[in-house]
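Note sheet for the following structure.
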């Protein structure tokens, strides 16, 4: 009888041990799966950047170093169970205080990343554009520059190294952080087509220019004034000169040809620079934009002020506005006033 009681106690003990052991193991598994993640700093939100090509160990190390997870062993166990190694989707992920490890693994595994806003304005060169964009998405500036210098690729889409600045429409675009140079380029092609569809394309025909010519003229106008309300008036002047067969004689094209946009004063010797961009030397428009034109300048070319002016010169008050003239005689008077103002300020180049 005593042996039977002892056996029963032993059996109960074993059963209790198994239950406790199973419960403890279940608790450990629960911790590995559902332990809340940490958000670095005092913010309730945090962006995690998973780089292209990152492996499982690198991901776990990144999470641990940024104190998002308290231990990498438990995370790696969960990641292995959910086969995350084969589904590490690069991107920018928005984390919050209510998430646990399982939520984190599922988010990366599904590639459910938070978009970024890519913004660029007031850009002169494609190299500057590449530098600015690379600060907003994963890809580096060199890769973007290399793509934009790939003549074979550009020609497939009807572009070349001279016209390519006109492709980029300054704006803010929602994109993914891990966008590749090729994806960025194709996105800009799509946005370009959207921008020019409809009214703008028909308006370009009405002013007698194609889209590249509109962008080229707009880029010159952008460099002539920073006063948006004056853009249509200057556009009207340049279109008048083109119709009459006059040279544009635009100072910004000389600065571009010389490679110095900081020049305050254009000298006679500068007007002799032998470059297709020098509109004092050559008739018509340059072969491509001298900067990435603004939307305001493009729309100014498409909706120009209808005037009889053929000349304009910066005002002597340095307000950023211009004096306009219908005749060369009137223009020369305005030019003298501006030159005298430069002399008074001792600006000689």
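The values are calculated or read from the model by the stated rules, or taken from the named source; none is laboratory data. Since we're looking at a predicted model, the values are computed, not measured. Heads up, the Cβs are rebuilt from the backbone with ideal geometry, glycines too, and the neighbour counts pull from every protein chain shown.
In table form, for the structure just shown:
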{"read-out": "One residue from 201, 205 being surrounded by 15 or more Cβ atoms within 10 Å (Cβ to Cβ), at pLDDT below 95, at negative phi and outside any loop (DSSP other than H, G, I, E, B)", "value": "201"}
{"read-out": "Out of 128, 113, sole residue that is closer than 30 Å to residue 168 by Cα and part of a helix (DSSP H, G or I)", "value": "128"}
{"read-out": "Selection status of residue 135, over 24 Å from residue 175 (Cα atoms), exposed (fewer than 14 other Cβ atoms within 10 Å of the Cβ) and not assigned by TED's automatic domain parsing to the domain that holds residue 222", "value": "no"}
{"read-out": "Candidates 318, 238 - the one that is at pLDDT 95 or above and outside the structural domain of residue 129 (by TED's automatic domain parsing)", "value": "238"}
{"read-out": "Segment 294-311, residues that are touching a helix residue (DSSP H, G or I) at 6+ places or on another chain (Cβ under 7 Å) and under 15 Å from residue 222 (Cβ atoms)", "value": "294, 296, 297, 298, 300, 301, 302, 304"}
{"read-out": "Any hit, segment 149-162, residues being in contact with a strand residue (DSSP E or B) (Cβ under 6 Å, 6 or more places away or on another chain) and under 18 Å from residue 184 (Cβ atoms)", "value": "no"}
{"read-out": "Residue check, residue 173 touching a residue at least 24 places away in the same chain (Cβ under 8 Å), more than 17 Å from the chain's Cα centre (by Cα) and not assigned by TED's automatic domain parsing to the domain that holds residue 304", "value": "no"}
{"read-out": "Options 256, 261; residue that is surrounded by fewer than 15 Cβ atoms within 10 Å (Cβ to Cβ) and assigned by TED's automatic domain parsing to the domain that holds residue 292", "value": "261"}
{"read-out": "Among (1) touching a strand residue (DSSP E or B) at 6+ places or on another chain (Cβ under 9 Å); (2) surrounded by fewer than 20 Cβ atoms within 10 Å (Cβ to Cβ); (3) not in a loop (DSSP other than H, G, I, E, B), the one test that residue 118 misses", "value": "(2)"}
{"read-out": "Top-ranked residue of segment 88-98 - restricted to ones that are at pLDDT 95 or above and either outside the structural domain of residue 49 (by TED's automatic domain parsing) or not in a strand (DSSP E or B) (or both), ranked as nearest to the chain's Cα centre (by Cα)", "value": "90"}
{"read-out": "Residue match in segment 99-107 (condition: within 23 Å of residue 43 (Cα to Cα), under 28 Å from the mean Cα position of the chain (by Cα) and at pLDDT below 95)", "value": "no"}
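Each row is one residue, and each column tells you yes or no for (1) surrounded by fewer than 18 Cβ atoms within 10 Å (Cβ to Cβ); (2) closer than 27 Å to residue 210 by Cβ; (3) in contact with a helix residue (DSSP H, G or I) (Cβ under 7 Å, 6 or more places away or on another chain).
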position	(1), (2), (3)
85	yes, no, yes
92	yes, no, no
107	no, no, no
131	yes, no, yes
145	no, yes, yes
177	no, no, no
185	no, yes, yes
190	yes, yes, no
193	yes, yes, no
